[in-house]
Amino acid sequence: MSRGLHIGIVACSAEGAALCYRTICIEGAATWGPHDHPEVSMHTHALAEYVAPLDRNDMQGVAALMLSSAAKLAKAGADFLICPDNTIHQAMPHVLPRSPLPWLHIAGAVAEEAGRRGFRRPGLTGTRWLVDSDVYPAGYVRPTPAERAEIHRIIMDELVYGIFRPEGAEYLQRTIERMKGEGCDAVVLGCTELPLIVNDGNSALPTLDSTRLLARAALRKAWEGK
C-alpha cells in the first residue's frame, strides 16, 4: 500500500520547525491510523546563516540556503516541500524557479483557513522582517513600529531559544487586544514559534496558527498522493 507523498521540511528556526514536525507526526494518525503518518525528512542550516542575509535584505542569499536544503531533501526522496518559517518566504520568488521540488506556501495555507472561517480583516504578528514584507497581503493589519520591535525581540531573543516568559505572552496579548479595537476579526500567528505562547485560549481574537495550518496542508497533500 502506498504511504502517500514524502514531506520535506526546509527548516529555519528550531522551535517552529519542531512544532511543525510534531504536528505532522501526531495529527497524521487521524488519517493514516494509530501511530502512523507519512514519511518526513527535514534539513536546516543554522539560524545564524539566515539572520545575516535577512539583516541586509539579501533575499538571494536567503534563497540560496533554502535551495541548498531543497536539494538535500530531494536526494532524500521528498516529493514536495514546506517551510515552517514565515519570514523567509520573502525569498520564494527566487526559490521557486530553481527548486527541484514543488512547495506549499505558508501564507496560502493561512489564507485558505481565513477564507473558510469568513475572516475579512486579520491582524498579522511576527518578526519585523515579516511584517515589513509582502509575504501577507497589504490588507492584513500590521503592528505599530514599537510593537514590531518588541515582538521581534521576544521572538529572536526568547522564543527561538525555547524561552517562554509570561511577559512575552502578555505583550502579545495586549497587541492583539489593540488590533481587535482596530477592527481585526482574527490574528495570524505569523512567526512559527508564536503558537507556543499564544492560542485561542489566551487571545482576544481567534488565532490563525500558521505552523499547524501548514502542517495540516502538508498532511492533506501527502494523503492525496496515496
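The values are calculated or read from the model by the stated rules, or taken from the named source; none is laboratory data. This is a predicted model, so every value here is computed, not measured. With ideal geometry, Cβ positions are generated from the backbone for all residues, glycine too; neighbour counts draw on all protein chains shown. Just so you know, the surface numbers come from the protein's heavy atoms only, side chains and all, with ligands and any DNA or RNA stripped out. Shrake-Rupley method; radii C 1.70, N 1.55, O 1.52, S 1.80 Å.
Couple of notes before you dig in:
- Scanning segment 164-177 for residues that are open to solvent by 60 Å² or more (accessible area, probe 1.4 Å) and either farther than 16 Å from Thr144 by Cβ or not in a helix (DSSP H, G or I) (or both) returns Phe164, Arg165, Pro166, Glu167, Glu170.
- Flag if Arg3 is in contact (Cβ under 8 Å) with a residue 24 or more places away in the chain, of a type in the set (D, E, K, R) and over 18 Å from Ala109 (Cβ atoms): yes
- Within segment 62-79, residues that are part of a helix (DSSP H, G or I) reach partners that are modelled with pLDDT of 95 or more and of a type in the set (Ser, Thr, Tyr) with beta carbons closer than 7 Å, at six or more positions or on different chains, in the pairs Val62/Tyr50; Leu65/Tyr50; Leu67/Ser99; Ser69/Thr44; Ala70/Ser99; Leu73/Ser41.
- Odd one out for Ile155 among (1) under 11 Å from Glu193 (Cβ atoms); (2) surrounded by fewer than 18 Cβ atoms within 10 Å (Cβ to Cβ): (2)
- Residues of segment 119-132 classified as open to solvent by 10 Å² or more (accessible area, probe 1.4 Å) and either more than 15 Å from Val51 (Cα to Cα) or in contact with an Asp or Glu (Cβ under 9 Å, 6 or more places away or on another chain) (or both), total: 5
- For beta carbons closer than 8 Å, sequence separation of 6+ or different chains, a first residue in segment 92-119 that is in contact (Cβ under 8 Å) with a residue 12 or more places away in the chain and a second that is charged (D, E, K, R), the qualifying pairs are Leu101/Asp79; Leu104/Lys221; Ile106/Asp85; Ala109/Arg216; Phe119/Asp185.
- Close pairs from segment 19-32: first open to solvent by less than 70 Å² (accessible area, probe 1.4 Å), partner of a type in the set (Val, Ile, Thr), Cβ under 6 Å, at least 6 apart: Leu19/Thr211; Cys20/Thr211; Ile24/Val40
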